[in-house]
1. Exactly one of these conditions fails for D162: (1) farther than 21 Å from E217 by Cβ; (2) surrounded by fewer than 17 Cβ atoms within 10 Å (Cβ to Cβ); (3) at pLDDT below 80. Give me its number.
2. If the Cβ limit is 7 Å and pairs must be 6+ apart or interchain, which residue in segment 514-533 that is free of Cβ contacts under 8 Å to residues at least 12 places away in the same chain and among the β-branched types (V, I, T) pairs with which residue that is assigned to a helix (DSSP H, G or I) and surrounded by 18 or more Cβ atoms within 10 Å (Cβ to Cβ)?
3. Residues that are part of a loop (DSSP other than H, G, I, E, B), at pLDDT below 90 and more than 23 Å from N517 (Cβ to Cβ): does segment 432-445 have at least one?
4. Sort through S270, S246 and tell me the only one that's crowded, with 18+ Cβ neighbours inside 10 Å, at positive phi, out of contact with any Pro (no Cβ under 7 Å at 6 or more places or on another chain) and not β-branched (V, I, T).
5. Could you tell me whether segment 448-456 includes any residue that is crowded, with 22+ Cβ neighbours inside 10 Å, over 28 Å from S541 (Cβ atoms) and of a type outside the set (A, V, I, L, M, F, W, C)?
6. Just one of N263, N256 is polar (S, T, N, Q) and touching a Gly at 6+ places or on another chain (Cβ under 7 Å); which is it?
7. When the residues of segment 194-227 are filtered to those that are among the hydroxyl-bearing types (S, T, Y) and not in a strand (DSSP E or B), which remaining residue is farthest from the chain's Cα centre (by Cα)?
8. Regarding segment 642-656, can at least one residue be identified that is of a type in the set (D, E, K, R), over 32 Å from the mean Cα position of the chain (by Cα) and within 25 Å of L527 (Cβ to Cβ)?
Amino acid sequence: MTCGNLEWLSHLPLLTHLDLSGVHLSKAIHWPQAINKMPSLTELYLSYTQLPPIIPTISISHINSSTSLAVLDLSVNGLTSSIYPWLFNFSSSLVHLDLSMNDLNGSIPDAFGNMTTLAYLGLYGNELRGSIPDAFGNMTSLAYLYLSSNQLEGEIPKSLRDLCNLQILYLSQNNLTGLLEKDFLACSNNTLEVLDLSHNQFKGSFPWLSGFSQLRELYLEFNHLNGTLPESIGQLAQLEVLSIRSNSLRGTVLANYLFGLSNLSVLDLSFNSLTFNISPEQVPQFQASRIMLASCKLGPHFPNWLQTQKYLLDLDISASGISDVIPSWFWNLNSGLAWLNISNNHISGTLPNLQGIFYLGMWDMSSNCLEGSIPQFLFNNEWLYLSKNMFSGSISLSCRIANLSGSGLSHLDLSNNRLSGELPKCWEQWKHLIVLNLANNNFSGKIKNSIGLLYRIQTLHLRNNSLTGALPLSLKNCKDLCLVDFGRNKLSGKIPAWMGRSLSSLIVLNLRSNEFNGGIPLNLCQLKNIQMLDLSNNNLSGTIPKCLNNLSALTQKGSLVISYYEGELNGWKLSYLDNTLVQWKGKELEYTKTLGLVKSIDFSNNKLIGEIPSEVTDLVELVSLNLSRNDLIGPIPATIGQLKLLDSLDLSQNQLNGRIPDSLSQIAGLSVLDLSNNTLSGKIPLGTQLQSFNTSTYEGNPELCGLPLLKKCPKDEPGEASFIGFSSKTEDIQDDANNIWFYGNIVLGFIVGFWGVCGTLLLNSSWRYAYFKFLNKIKDRVYVTTTINMNRLWRSFQI
């Protein structure tokens, strides 16, 4: 909806409530004047309206303003600081003012302190700088203050201690620096209920808060607080939420710090260096819905006090030093747990196959020592991570369980276990899967054709199993696939040509170490997004396609990161960052965050023939190229130097001949090079790069010579390669010219010098007389000085 102007409002003098949120008002240039003409207006909502900025004029601040306006919402409009003069006309009436998500910049004006009736002030999501003005202390009615997501800094002013009737204070997600001062927190009226100082850069020790007996919610996460958690936190009897995650707190947490807080519902101390010292008989008085203690020291035993929590929805005790068996009482917590993270511990034992209906969300039990079979009820999760354990048996039983969760299983990671048997046949039951990782297990048999029912799948890891047979044709239905890793199996047949057409979103394709045969399909050149293409260690034959220069992602700057964000679960953001193993510099390395930077082609250890197509050198963004252990012939492309980003190049164990191109020495960042066991000849091009490799880089090429090899090149070898592209004949001609020029300059210099001095003396008698007189003086001075020094030396010997 669009409205050209607001002049029509002047015809509604009795209007008290106006909500135009979402209406397009970019053409309403004189909207402030229109608002000022409404004497009865008390509430005005203009958020998301694209209001034009106020043009500063002399008259704007003198127009009679509505003295009754109490609520004003101008959020999300792109307004600038030019709004201030008009706003401050309402200082005596406004109770609620929302300016969040605009383009306010500079410091916060002191004039806000004149808004003594203000109870709500929203300045969230602007570009405000500087510190919080001392004048804020004058706003004694302020109950809600939102200053998050700005660039504020400095200490929290002591004047804020005057806000003793403050109920909710939000200063989250800023760059505020300084200490939390005791003076600020010593509020005598004790009416503060919610304090949010999160996402800042506060320093110093944990603030003293015992004066705030009515405090219900305390948010201090993502700051730089250090020191210990004070015992006085236990005096906040009304506290319901305590969130201090991601600080630098240290020391010991005792039971009397927290267990007496009977109203506590959310406890989040994650990512601090706190050690819990709780005896088994100590029982908390609270019943929490969320307990998040990641990276805190809870072990070595399982926290016994957790068994008293009957209403838990979220529990995170990951990386907490637990080396224990999961106690039987723990499974009594399951019926309500939507978020469970016990990963990165040394927890052992088996998981029971619980009966009943479970509506789960995200369970992460990875990187432990759990064993036995995987119980069916776990597959009701939306996100399930069980990797890096010792689970065994088949997962076909998972097909028997009905889908009870709302959206179904979307992320499943069972990698690095001991699972066996055939892959499940019930892919239609998991049609919501986005990520499936079954790598590094003992699965066998063929990949069922029903896998094509995974229409939403984006990542498919089946690496390092014992899968056999050809790739199913139905896989072409999985058009959103970005990563396919089938490496280290026993898959056979030809690489399907349809992969290039149907799986056009592929970024990573890894088919290494299988039994594929036939040629490399030309249609693979249609993979415009491919950044990692690994077909090594197969039985592929034929030539390397000349169309590889159509792989656009390898010719253009930029990289694609395989990461998915799938919304929220119980207020927590869920994201997935993919990973894969890459053969790099002779080793298999796992890449996650930097996977998008790996741009590589590996066709090594096949039966490829023919020449290396020059089109390969158009892939200027390549970082690694491995064509070794094939039957390639012909010269190395002369334009190989175009691959200036290459870090690794392996062309060894082929039948390549001719000379090493001079342009190869121009690849400055090359750290791995292997040209061994070919029939290359001639002199190794001179340059710091190529001479820095050891002799094994060039061995097995009898006709190669020059450093770093011990074999010297014949001086006059016809056509001998020299430094960067000049033949030895050209070099000899250049050397002769240089010698002629050098000696000619010497002769010319002698002639000029000799006749410049001697010629002058012969032609000018007065100069000649002065010159010889000068020489006589020098001779006499040297003689006298020498005689005196010799006499001194003689006397010293006689003494």
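The values are calculated or read from the model by the stated rules, or taken from the named source; none is laboratory data. Since we're looking at a predicted model, the values are computed, not measured. Cβ: placed from backbone, ideal geometry, glycine included. Neighbour counts: every protein chain shown.
1. For D162, the exception is condition (2).
2. none
3. yes
4. S246
5. The answer is no, given that none of the residues of segment 448-456 is crowded, with 22+ Cβ neighbours inside 10 Å, over 28 Å from S541 (Cβ atoms) and of a type outside the set (A, V, I, L, M, F, W, C).
6. Just one listed residue meets the conditions, N256.
7. Ranking the candidates gives S213 first.
8. Within segment 642-656, not a single residue is of a type in the set (D, E, K, R), over 32 Å from the mean Cα position of the chain (by Cα) and within 25 Å of L527 (Cβ to Cβ).
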